[in-house]
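Trainee: I have a structure here, written as structure tokens, and I will follow up with some questions on it.
The values are calculated or read from the model by the stated rules, or taken from the named source; none is laboratory data. On a predicted model such as this, the values are computed, not experimentally measured, just so you know. A quick note on method: Cβ atoms are made from the backbone with ideal geometry, for glycine too, and the neighbour counts reach across all protein chains shown.
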Amino acid sequence: MTSPEIQAAAQRLQQAAESGVPCEPVRDLIGKDDVAAAYAVQSVIIGDRVAAGATVVGRKIGLTSPAVQEWLGVDTPDFGVLLDDMEYGEDQVVPMSRMLQPRAEAEIAFVLKEDLLEGPFTAESVRGAVDHARAAIEIVDSRIRDWDIQLGDTVADNASSGLYVMGEKRLTLDELEPVDVEMTMTSNGETVSTGNGAACLGDPLNALAWLASAAVEYGDPLRAGQVILSGALGPVYPVPHGAVVRADITGLGSVTATFSNEEN
């Protein structure tokens, strides 16, 4: 894959983000399933954000659901990078103007206390690297028109990352077994998604182990202090303006994301 194609794909996605107007897929430039090329595009975009002052604070894991993998015709997760300006507090209003086509997912967030530098990694081997877990709502987004994505498109687009909110309650993994949690997500009081820990790659710790391996393979291992959004516990929810979305996860309590009424 030549540099001009990588750069052109990155510029198309960056222009969509800056203009607020979704773009055409980038698979015409990098192919629909050339994962190496797609991560190269992602790296350009994140590199430009960091050069402009953003700080990397963690990663998100995507494509952990069998239904989503089937939709895209893949059998593996993907990952994106979390930057410091992606997090909102529960006491803040999440601005719709920062997003194009937002969808909410309820997840477990892991905060690491150790680097994960050398595999092989398993659910058991990564458990000890987790400082604590928190309930989280990830607001995924796509810069690509109508979510018309294949694997290469979503990877290039930072794994369709958007924003996220984490709950205040923190539990160690001596106090919580991630695979056993049950989740209910509501929007303005109405249930819009239910699920459990097993819906996330069989166990959210499986997802963390996969990410640790992938991060080492791509030369940027997971580090102590980073936030890891481990993947959806149930179906995603397209977020309307003015929604108050709450996720309740057994043991971890609740997390709420309040969205503005403003138009893009």
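Trainee: Can SER213 be described as of a type outside the set (A, V, I, L, M), buried (at least 24 other Cβ atoms within 10 Å of the Cβ) and out of contact with any Ser or Thr (no Cβ under 7 Å at 6 or more places or on another chain)? So that I can check it myself, show each step before the final result.
Mentor: Numbers: of a type outside the set (A, V, I, L, M): yes; buried (at least 24 other Cβ atoms within 10 Å of the Cβ): no; out of contact with any Ser or Thr (no Cβ under 7 Å at 6 or more places or on another chain): yes.
Criteria not met by SER213.
Trainee: Spot the failing condition for ILE149; the list is (1) at pLDDT below 95; (2) over 16 Å from the mean Cα position of the chain (by Cα), and only one is missed.
Mentor: (2)
Trainee: Could you tell me how many of the residues in region 230-255 are out of contact with any Ser or Thr (no Cβ under 9 Å at 6 or more places or on another chain) and closer than 19 Å to ASP141 by Cβ?
Mentor: 2
Trainee: Continuing with the same structure: Among the residues of region 176-189, write down those that are surrounded by fewer than 21 Cβ atoms within 10 Å (Cβ to Cβ), more than 18 Å from ILE228 (Cβ to Cβ) and not polar (S, T, N, Q).
Mentor: ASP180, GLU182, GLY189
Trainee: Name the residue, out of ALA8, ALA54, ALA40, that is part of a helix (DSSP H, G or I) and either in contact with a strand residue (DSSP E or B) (Cβ under 8 Å, 6 or more places away or on another chain) or surrounded by 20 or more Cβ atoms within 10 Å (Cβ to Cβ) (or both).
Mentor: Answer to the check: ALA40.
Trainee: Right, here's the next one. If I ask for residues that are more than 17 Å from the chain's Cα centre (by Cα) and under 29 Å from GLU18 (Cβ atoms), which ones from region 75-117 would you list?
Mentor: The first filter runs over region 75-117 and keeps only residues more than 17 Å from the chain's Cα centre (by Cα), leaving 75, 90-93, 95-97, 113-117.
GLU90, ASP91, GLN92, VAL93, PRO95, MET96, SER97 - these are the residues of region 75-117 that are more than 17 Å from the chain's Cα centre (by Cα) and under 29 Å from GLU18 (Cβ atoms).
Trainee: Of (1) in contact with a Gly (Cβ under 6 Å, 6 or more places away or on another chain); (2) within 22 Å of ALA257 (Cα to Cα), GLU168 satisfies all except one. Which?
Mentor: That leaves (1) as the condition not met.
Trainee: How many of the residues making up region 138-148 are surrounded by fewer than 22 Cβ atoms within 10 Å (Cβ to Cβ) and either part of a strand (DSSP E or B) or not charged (D, E, K, R) (or both)?
Mentor: Here the count works out to 1.
Trainee: Which condition number does GLN69 fail, the rest of (1) in contact with a Leu (Cβ under 8 Å, 6 or more places away or on another chain); (2) modelled with pLDDT of 95 or more; (3) in a helix (DSSP H, G or I) being met?
Mentor: So GLN69 meets the others, but not (2).
Trainee: If I ask for residues that are in a helix (DSSP H, G or I) and buried (at least 18 other Cβ atoms within 10 Å of the Cβ), which ones from region 11-25 would you list?
Mentor: Residues of region 11-25 in a helix (DSSP H, G or I): 11-19.
Passing the criteria: ARG12, LEU13, ALA16, ALA17.
Trainee: Looking at ASP141 and the list (1) over 21 Å from ASP220 (Cα atoms); (2) without any contact (Cβ under 8 Å) to a residue 60 or more places away in the chain; (3) out of contact with any strand residue (DSSP E or B) (no Cβ under 8 Å at 6 or more places or on another chain), which single condition is not satisfied?
Mentor: Checking ASP141 against (1) over 21 Å from ASP220 (Cα atoms); (2) without any contact (Cβ under 8 Å) to a residue 60 or more places away in the chain; (3) out of contact with any strand residue (DSSP E or B) (no Cβ under 8 Å at 6 or more places or on another chain), the one that fails is (3).
Trainee: Is there any pair with a first residue in region 207-218 that is over 17 Å from VAL111 (Cα atoms) and a second that is polar (S, T, N, Q) whose Cβ atoms are under 7 Å apart and which are 6 or more apart or on different chains, and what are they?
Mentor: Sorted first by the residue in region 207-218, then by its partner, the list stays empty.
Trainee: Determine which member of the set ASP220, ASP248, ASP153, ASP174 is in a helix (DSSP H, G or I) and of a type in the set (Asp, Glu).
Mentor: On the way: ASP220 fails: in a helix (DSSP H, G or I); ASP248 fails: in a helix (DSSP H, G or I); ASP174 fails: in a helix (DSSP H, G or I).
Answer to the check: ASP153.
Trainee: Are there any pairs, at least 6 apart or on different chains, whose C-beta atoms fall under 8 Å, with the first in region 173-189 and of a type outside the set (S, T, N, Q) and the second loosely packed, with under 12 Cβ neighbours inside 10 Å, and if so, which?
Mentor: Close Cβ pairs (under 8 Å, with a partner that is loosely packed, with under 12 Cβ neighbours inside 10 Å) amount to MET185/THR191.
Trainee: Can you run down the residue pairs with Cβ atoms below 8 Å, 6 or more apart or on separate chains, where the first is in region 46-74 and among the hydroxyl-bearing types (Ser, Thr, Tyr) and the partner is surrounded by fewer than 17 Cβ atoms within 10 Å (Cβ to Cβ)?
Mentor: THR55/ASP84
Trainee: Turning to a different aspect of this structure: Look at ALA135 and say whether it is within 14 Å of GLY62 (Cα to Cα) and either in contact with a Phe, Trp or Tyr (Cβ under 6 Å, 6 or more places away or on another chain) or in a strand (DSSP E or B) (or both). It would help to see each step written out before you state the result.
Mentor: Details: within 14 Å of GLY62 (Cα to Cα): no; either in contact with a Phe, Trp or Tyr (Cβ under 6 Å, 6 or more places away or on another chain) or in a strand (DSSP E or B) (or both): yes.
Criteria not met by ALA135.
Trainee: Looking at VAL192, VAL244, can you tell me which residue is among the β-branched types (Val, Ile, Thr), surrounded by fewer than 16 Cβ atoms within 10 Å (Cβ to Cβ) and farther than 18 Å from GLY58 by Cβ? Talk me through it step by step, then tell me what you get.
Mentor: On the way: VAL192 fails: surrounded by fewer than 16 Cβ atoms within 10 Å (Cβ to Cβ).
Of the residues listed, the single one that is among the β-branched types (Val, Ile, Thr), surrounded by fewer than 16 Cβ atoms within 10 Å (Cβ to Cβ) and farther than 18 Å from GLY58 by Cβ is VAL244.
Trainee: Which condition does PRO120 not pass, out of (1) in a loop (DSSP other than H, G, I, E, B); (2) under 18 Å from the mean Cα position of the chain (by Cα), if it passes all the others?
Mentor: PRO120 satisfies all of (1) in a loop (DSSP other than H, G, I, E, B); (2) under 18 Å from the mean Cα position of the chain (by Cα) except (2).
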